[in-house]
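Scroll down for the structure; my scribbles are underneath it.
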Amino acid sequence: MPNRLILLIAVLGALALPGQAWGHARFVRSVPADGLVLAAPPMSVRVFFDDAVRTSSGIKAIRNGRGSVLDGEPRVVGGRRLVIPLQPGLRDGDYTVLWRVLSDDGHTLSGVLTFGVGSGRAPPRPALTADNGPSVQDVLSRFLFFAGLLTAAGAAFFRFAVGPVPVRLLLAAFLLVFIGVSGVVHNVSVSTRFGSAMAAAAVVAGVGAMLAAIAPVFPRLEPLAFGAGLALLPVPTLAGHALDRGRPVYEPVVDFLHLAAASFWLGGLVALGLALSRPGDRAALVRRFSNIALVSVLVLAATGVLRAFAELRSVGQLWSTGYGRLLIVKTALLALLAAIGWLNRYRLVPRLSLDGLRRNVAVELMLFAVLIAAVALLTDLRPGRDRTAGAAVATEAKGAPPRPASRMIVQGRESGDLAIALAVAWPGAELVAVNQDGRAVNGLRVLIGGREARSCGDGCYGAFPTPARRVRVSVNGLITTFRVPAKPRRADAIVARSTAAFRRLKSVEYIERLASSPRNRIVSHFTLERPDRLLYQIRGGADGIVIGTSRWDRVRGGKWISSPQDLTPEPEPIWGAGHVTNAYVLETTPATYVVSFMNPLGPAWFTVRLDRHTLLPRSLRMTAPAHFMTHRYVRFNGPRRIKAPGGVQ
């Protein structure tokens, strides 16, 4: 292929080149929801995110037109939930909360939500505002950081691959990196991934500056100084969103190559500009650098196309978002730089027109400065993919989610406060989501196997992902993985026989873990005995005994309190009552079956590991609204141990 055609393709590819945007945690929802009017005042405001956050300064909660109603310091619970305590007994009125958190990538995120107290009130209006835009200091600091990093890395590569470079250039570049880092991390904890990466960059820049300063006296240290310049290259990748959970595994490599190509091309221009002002075989230097620059442009274009797919969810976001519009400006600058590079390579270098080369390199360096300013802005703007995700608003549906077809394999899981169930019959897949009240939830952002899911009814999200044994599901950023058998086999007979075997037992003992949400859980020891006896012991809690139509309860160590009880046959499997559907074998081993099925009346979804010989359960998972339960079975047909308090039989 002619060289000019190759270069033309590279320039066209550069039109899709995005900038590296350091990742943001994303707002998922709040309790109470924004604009909600409550009959009773809340004790706190809870704000949920899809990634780890930390509290930041400037959090406020006020009664509109009055003073603060904060009651203590806001805190982050479980890494992703900001809790803002409020004064007890808030009076009827409108309230505004300004929340601010620090994402693991170093960005400060903020938002405003309102709620009203008192039935019959109109929806409240906010009395505070939040600003998530980059400050002048942030943009300037990022400009200095990227200018120094690209110059240091590009000059180092030029030194090892093209020709000599004055070490004083490295000293200036390292100082720019150090100053830029100081401005970027002025309010960022070094315990965050971003803060740790920036701290490492400051250390490398400091050591590199020291080596560059003493290299003229100790020439043997000069290669180490340039090596420090190359050591800065991984920092933006380590600090950015390429390492976020749920991102493609290839993205860190693409991100690193994109930055390396940019530094070798653009940073190398600075070194070339200095080289052209010194005596020597300048024509040979220009030819060698021209070849490297051509390869850099090709790599930059290829990796840029991949990054465009990662950062923007549609072509329309190029002009509908600030990130996209700035991306157009950046790619236009890149195209102009590529055009000047083409002129240098095919017109000026063959003629050895050094005066023209110096002039064009100076122009390229000015465009380079403007380009870095655009990159500094891009790293603090929300990409299009985040904007789409942040727009999802969960709402409670009036109807129930549709039941899956009988041919679909259905498995339930816990996703935050929601109960979700994935139903698969290739090539289609559906996910249903219900809240703690058992109501279907609409407005969620759901990805199934990396594909955007569309509504298929109340609380139902459908997609056509690529068939796979492991299916990753994202619900508002929370990732859950399901295993799907390659060759599904019906398990109706297995479940029926297992139910019958369970009911024939004389006694059963199991450990139960029951959670109503990610924050509330209890662990209990259950014993079931034929024909109608039950004993439970809650760790750190109460005990209970049921014998026939009598029941006794007590707080651990307290007195037993008796009450009547409806007659309940035991042992009865937790899935036994009601109709079971969608029973399939998920996994077969020499010793066990793993089966999944559902009770549509709950709805409740079960995954049970059964002994192949006895068909008795070894472990169980049940997912239902506000009931996330696991069982570990420890004994069957043990000696009788359930007795009434005081020895009454």
Which ones in segment 413-434 are assigned to a strand (DSSP E or B) and more than 15 Å from Pro485 (Cα to Cα)?
Arg413, Glu414, Ser415, Leu418, Ala419, Ile420, Ala421, Glu430, Leu431, Val432, Ala433, Val434
Would you confirm, using the coordinates I've provided, whether Ser596 is in contact with a Gly (Cβ under 7 Å, 6 or more places away or on another chain), surrounded by 15 or more Cβ atoms within 10 Å (Cβ to Cβ) and not hydrophobic (A, V, I, L, M, F, W, C)?
no
Given the conditions (1) modelled with pLDDT under 50; (2) part of a strand (DSSP E or B); (3) not hydroxyl-bearing (Ser, Thr, Tyr), report the number of the one that Leu348 does not fulfil.
(2)
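Conditions tested, residue by residue: (1) of a type in the set (Lys, Arg); (2) in contact with a Phe, Trp or Tyr (Cβ under 8 Å, 6 or more places away or on another chain).
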residue: Thr592; (1), (2): no, no
residue: Asn599; (1), (2): no, yes
residue: Pro603; (1), (2): no, no
residue: Arg618; (1), (2): yes, yes
residue: Arg621; (1), (2): yes, yes
residue: Phe636; (1), (2): no, no
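List the strands (runs of 3 or more DSSP E) that sit entirely inside segment 435-491 and contain at least 3 residues that are aliphatic (A, V, I, L, M), touching a strand residue (DSSP E or B) at 6+ places or on another chain (Cβ under 7 Å) and not assigned by TED's automatic domain parsing to the domain that holds Ala583.
On the way: elements: 446-448, 454-457, 460-463, 470-475, 478-483.
Because the criterion is at least 3 residues that are aliphatic (A, V, I, L, M), touching a strand residue (DSSP E or B) at 6+ places or on another chain (Cβ under 7 Å) and not assigned by TED's automatic domain parsing to the domain that holds Ala583, the strands (runs of 3 or more DSSP E) in segment 435-491 that meet it are 446-448, 470-475.
Only one residue in Tyr461, Tyr510 is closer than 20 Å to Phe597 by Cβ and among the hydroxyl-bearing types (Ser, Thr, Tyr). Which one?
On the way: Tyr461 fails: closer than 20 Å to Phe597 by Cβ.
The conditions single out Tyr510.
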If we keep just the residues of segment 594-639 that are of a type in the set (A, V, I, L, M) and in contact with a Lys or Arg (Cβ under 6 Å, 6 or more places away or on another chain), which is farthest from Ala501 (Cα to Cα)?
Val594
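Somewhere in segment 54-63, is a residue assigned to a strand (DSSP E or B), at pLDDT below 90, surrounded by 15 or more Cβ atoms within 10 Å (Cβ to Cβ) and out of contact with any helix residue (DSSP H, G or I) (no Cβ under 9 Å at 6 or more places or on another chain)? Don't jump to the end; show me each part of the working.
Our first condition is that a residue be assigned to a strand (DSSP E or B); within segment 54-63, this holds for 54-55, 60-63.
If we keep only those that are at pLDDT below 90 too, we end up with 54-55.
Now drop any that are not surrounded by 15 or more Cβ atoms within 10 Å (Cβ to Cβ), which leaves 54-55.
This time we only want the ones that are out of contact with any helix residue (DSSP H, G or I) (no Cβ under 9 Å at 6 or more places or on another chain), so: 54-55.
Yes, segment 54-63 contains at least one residue that is assigned to a strand (DSSP E or B), at pLDDT below 90, surrounded by 15 or more Cβ atoms within 10 Å (Cβ to Cβ) and out of contact with any helix residue (DSSP H, G or I) (no Cβ under 9 Å at 6 or more places or on another chain).
Is at least one residue of segment 384-401 surrounded by fewer than 21 Cβ atoms within 10 Å (Cβ to Cβ), at pLDDT below 50 and in contact with a Phe, Trp or Tyr (Cβ under 7 Å, 6 or more places away or on another chain)?
Yes, that holds for at least one residue.
Scan segment 492-523 for residues that are of a type outside the set (A, V, I, L, M, F, W, C) and in a helix (DSSP H, G or I) and jot them down. Give the steps one after another, and end with the answer.
Of all residues in segment 492-523, those of a type outside the set (A, V, I, L, M, F, W, C) come to 492, 497-499, 503-504, 506-507, 509-510, 512-513, 516-521.
Within segment 492-523, Asp492, Arg497, Ser498, Thr499, Arg503 meet the criteria.
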Quick one: Gln137 ticks every box in (1) buried (at least 17 other Cβ atoms within 10 Å of the Cβ); (2) at pLDDT below 85; (3) not aliphatic (A, V, I, L, M) except a single one, so which number is it?
(1)
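Please verify whether Ala419 is touching a His at 6+ places or on another chain (Cβ under 9 Å), at pLDDT 90 or above and within 28 Å of Asp34 (Cβ to Cβ), treating the condition exactly as stated. Write out each step before concluding.
On the way: touching a His at 6+ places or on another chain (Cβ under 9 Å): yes; at pLDDT 90 or above: yes; within 28 Å of Asp34 (Cβ to Cβ): yes.
For Ala419, the condition - touching a His at 6+ places or on another chain (Cβ under 9 Å), at pLDDT 90 or above and within 28 Å of Asp34 (Cβ to Cβ) - is met.
The values are calculated or read from the model by the stated rules, or taken from the named source; none is laboratory data. Just so we're clear, the structure is a prediction, and the values are computed from it rather than from any experiment. Methodologically, a virtual Cβ is constructed for each residue, glycine included, from the backbone with ideal geometry; neighbour enumeration extends over all protein chains shown.
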